[in-house]
1. Among all the aspartates and glutamates, which ones have a C-alpha under 13 Å from Lys94's C-alpha, if same-chain residues fewer than 8 places away are not counted?
2. With a 1.4 Å probe and every protein chain left in place, work out the accessible area per residue of region 333-405 in Å², rounded to a whole number.
3. Would you check the accessible area of Trp166, probe 1.4 Å, heavy atoms only, in square angstrom rounded to 10?
4. Tally up the carbon and sulfur contribution to the accessible surface of region 40-198 as a whole percent, 1.4 Å probe, everything protein left in place.
5. What does the accessible area of Leu262 come to, in Å² to the nearest 10, when a probe of 1.4 Å is used?
6. Under a Cβ-Cβ cut-off of 10 Å, what is the net charge of the residues other than Tyr280 that fall near it, where Lys and Arg count +1 and Asp and Glu count -1?
7. With a 1.4 Å probe and all protein chains kept in place, how much accessible area does Tyr69 have, in Å² rounded to the nearest 10?
8. Using the structure shown, select from Lys215/Lys471; Lys176/Lys251; Lys340/Lys462; Lys154/Lys384 the pairs with a Cα to Cα distance greater than 27 angstrom.
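The values are calculated or read from the model by the stated rules, or taken from the named source; none is laboratory data. Predicted, not measured: the structure shown is a model, and the values here were computed from it. Backbone-built Cβ (ideal geometry, glycine too); neighbour counts: all protein chains shown. Areas reflect the complete protein model, heavy atoms only, side chains present, ligands, DNA and RNA absent. Shrake-Rupley method; radii C 1.70, N 1.55, O 1.52, S 1.80 Å.
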Amino acid sequence: MAPPGTARRFSGSGRTSVIDSLRGFTLSGVRIDKEDLRKRITFPEYLRRAMTEAIRAKDADAAAVVHFYEEAHGGGAPPVEPAEWPIVVFINSKSGGRHGPKLKARLQELMGEEQVFDLSTVKPHEFVQYGLSCLENFANLGDSCAKATREKLKIVVAGGDGTVGWVLGCLGDLNKQGRLPVPPTGVIPLGTGNDLSRSFGWGGSFPFNWKSSVKRTLEKVAHGPTARLDSWQVLISMPAGEELDIPYALKATEETPLDQELEVEGELPEKVSCYQGVFYNYFSIGMDAQVAYGFHHLRNEKPYLAQGPISNKMIYSGYSCQQGWFCTPCSSYPGLRSLKNILRIYIKKVNNSKWEQIPVPSSVRSIVVLNLPSYGSGRNPWGKLKPDYLEKRGFVQAHPDDGYLEIFGLKQGWHASMVMAEVISAKHIAQASAIRFELRGGEWKKSYLQMDGEPWKQPMNKEFSTFVEIKRVAYQSLMVRGD
């Protein structure tokens, strides 16, 4: 039976990754000529070399960079034509198991080698700060080729959801700096879940016929329609003195005040440590984050075990059982059985600008805040809800660009498994435009949090609370649709 409040539908989320791959990449049987594609997407050599040097020198105005401009435009040199479909690729060559290095080599065959950036050596913020600045500087000098390249530029990210979010976050800085347009982004899915990729029609896994699929993907990026995506700023404010081993999605920042419209009950510590980051798909607290944390550490310690999405999922499932996600003995301390002991939730509901506290269900061991209609490798635990149920609960139909987050709970592994199989629904808690979590230790000395697949261990204090505040970023990200 369909879960309560859920419209009857045929769900594509249960399809195999093979079918996802075929659907996302190979429905068109048109053969793409390699040399023609290369000609259309490859930057002129002087631009490629200038951008590479700007990033290497970490200076868009370096003398060697300017030299490339002068060489291309001096001495009566003929005008240079821009690429018809200028594309830059960021690849996490460690993703995708054994395919990462092969994919990188294939991409370098299809365009200028300098247009393919391995994230282990070039970070996306370096590209934005120096590479794009190089194009903008040339354009300001009257270089029509650089101007057209900058205006038509599109990005491809070959990696998992965390990698895509990392690149989107760096591109989002262009909005803050008034450096428009922001290049739209397409995806080659190399991660385990690939939910962000699925949500915009790029499929759920790296395709078997990947050599031809890469060509098709680049053409789709060039011609595909764009869609908008909300992103969400996370602020963590915690008592100073505790060490926090943060993922790359979070950055330490200066002391930042919480929303003043919501007063904090009780005393605050004299000093706090603050961290900020952005997520695009989900943020979660509890057992699912703990399992993810253990899995990530096991994969880092024994990388030979992680040879691709299938082996990753098998390891993940085994770790879930080991951590007590499916079975928690009655003798276990209460914290393992419910988040209610350590957590308060405050939200701004739909069409309401005032903060209010909402109850934490006593049965819930994991709370997920969801932005996309895809979670846990293509499932939609929130569901497509019927109009009468939406009206009864004060919800609206969920979309990635609607300015709202869906908050739901998972009770334990068995419940999560049934939810992911879409046999029953997740525990609908709320829909919100802003959220504040307040965590206070008791028997718990730590909790586990994650955002977009990047987990960390969050220390907790018995005397003072740790706050996690989530608000929508003013600017939306721009995605290229692959379907």
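1. Reachable aspartates and glutamates: Asp118.
2. Result: 47 Å² per residue.
3. About 60 Å², rounded to the nearest 10.
4. 50 percent
5. 30 Å²
6. With Lys, Arg at +1 and Asp, Glu at -1, the neighbours total -4.
7. Surface accessible to solvent at Tyr69 totals approximately 40 Å².
8. Lys215/Lys471; Lys154/Lys384
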